[in-house]
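Step one of this worksheet: look at the structure below.
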Amino acid sequence: MALRALFVLILAAVPLIAAGTSLAAANPQSPPSAAEFRQATREFLRAHPSSAAPGRAHAARRGGGIGTGGGSLLDRNLLLTLYGAPQLSATILGKLGPTRAARKVVKQAKPYSKLSDRRILPGFDLIAVVANSTPGPDRLYRTRQPAKLIRSYLRSVRSVGGRLVLDIQPGRAKILDEIDALEKWIARPDVDISIDPEWNVGRRGVPGQTVGKIKAKDLNKVSRRIQEIVDENDLPPKALVVHQFHDGSVRHREDIRQRKGVDVTLSFDGIGSPAAKKAGYKSLTGDAVYSGFSIFYSLDTRIMSPKSVLGLRPDVDFLLFQ
């Protein structure tokens, strides 16, 4: 059965969508093969040569959206991001180069800044670990983005005072291993983490065929590891965003722990009508965690206005555009 059809069946079985509305998964397309992704990466790097990385002190001065007051990033701020990767043409970051994406996210944030009493932090949700449909050299069905590519997006988002969220599509890899591989980036004051459980397919699953998930106990291990990095490097608080589109994306969500310096955020990624999206958001958010919401430029039946998004309850803390 095609993955998109499977997602629709799952959503039909979950009683969270209002009658007469429809909702689809956030990522219905098949992931690229490892070979296709390597080739697309080479083409991007040829078109966007990268210079040397800034030093740690320079990164701290240039890092945008750092000051928050207290022990939270999202209590007083709304983090608004563009999602994707340059190798994935269906995503907004795949349609725009780093420089154009920086201009786009600033423009996208303006109407929200006018309506919200919270500070709007612009950002990129860059897929730093990309799920693949084929095993790849290590047979883990995922590819890590090269440092040069991550560096180019970090530099670009810093130019507009923004933050970089590094998204993990684990495939068969262990999420904690991917966190460790990204530690040098997480140790910077303006870099956060997001996880796509949809692509967390376990030891025998295949991205594009298997619907992934994450358990609260595993998410708690990830937030504890990020907290250790925050403490070891004396960093300001960070966001840990978990993308979800149905109730099975995050198992035992009532057991999720919030940690000092790490704002665990469940972000609703459903596609559909405003009524369906509002119903899904209401069903999959809770008081114990921060809340996220997604807007899909070409897939939603109607783009919700900033006023409608800011009127959602609970308040939206993380907003993704795709």
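Within segment 293-322, restricting attention to residues that are of a type in the set (Gly, Ala, Ser) and either out of contact with any helix residue (DSSP H, G or I) (no Cβ under 9 Å at 6 or more places or on another chain) or more than 22 Å from Lys114 (Cβ to Cβ) (or both), which residue is modelled with the lowest pLDDT?
Restricting to residues being of a type in the set (Gly, Ala, Ser) and either out of contact with any helix residue (DSSP H, G or I) (no Cβ under 9 Å at 6 or more places or on another chain) or more than 22 Å from Lys114 (Cβ to Cβ) (or both), the top hit is Ser298.
Which of (1) of a type in the set (A, V, I, L, M); (2) modelled with pLDDT of 95 or more; (3) touching a Lys or Arg at 6+ places or on another chain (Cβ under 8 Å); (4) farther than 17 Å from Asp125 by Cα does Val250 not meet, given it meets every other one?
The single condition Val250 does not satisfy is (2).
I'd like the full set of residues that are of a type in the set (A, V, I, L, M) and either outside any strand (DSSP E or B) or under 15 Å from Ile193 (Cβ atoms) (or both), limited to segment 259-274.
Of everything in segment 259-274, those that are of a type in the set (A, V, I, L, M) and either outside any strand (DSSP E or B) or under 15 Å from Ile193 (Cβ atoms) (or both) turn out to be Val262, Val264, Leu266.
Test Ala90 against the criterion of being out of contact with any Cys (no Cβ under 9 Å at 6 or more places or on another chain), surrounded by fewer than 19 Cβ atoms within 10 Å (Cβ to Cβ) and within 24 Å of Gln244 (Cα to Cα), and give yes or no.
So Ala90 passes the test.
State all residues of segment 146-161 that are touching a helix residue (DSSP H, G or I) at 6+ places or on another chain (Cβ under 7 Å) and either basic (Lys, Arg) or not in a loop (DSSP other than H, G, I, E, B) (or both); if no residue qualifies, say none.
Scanning segment 146-161 gives Lys148, Leu149, Ile150, Ser152, Tyr153, Ser156, Val157, Arg158.
Considering only segment 167-176, I want to know if a residue exists there that is of a type outside the set (Ser, Thr, Tyr), closer than 19 Å to Ile214 by Cα, in contact with a His (Cβ under 9 Å, 6 or more places away or on another chain) and modelled with pLDDT of 95 or more.
So far as segment 167-176 goes, yes, one or more of its residues are of a type outside the set (Ser, Thr, Tyr), closer than 19 Å to Ile214 by Cα, in contact with a His (Cβ under 9 Å, 6 or more places away or on another chain) and modelled with pLDDT of 95 or more.
May I ask you to list pairs of residues, at least six apart or on different chains, whose Cβ atoms are under 8 Å apart, with the first in segment 158-169 being within 16 Å of Asp269 (Cα to Cα) and the second being assigned to a loop (DSSP other than H, G, I, E, B) and modelled with pLDDT of 95 or more?
From residues that are within 16 Å of Asp269 (Cα to Cα), the pairs are Asp167/Asp196; Ile168/Leu182; Ile168/Asp196; Gln169/Asp196.
The values are calculated or read from the model by the stated rules, or taken from the named source; none is laboratory data. Please read all numbers here as calculations on a predicted model, not as lab measurements. So basically every Cβ, Gly included, is an ideal-geometry build from the backbone, and we count neighbours across all protein chains shown.
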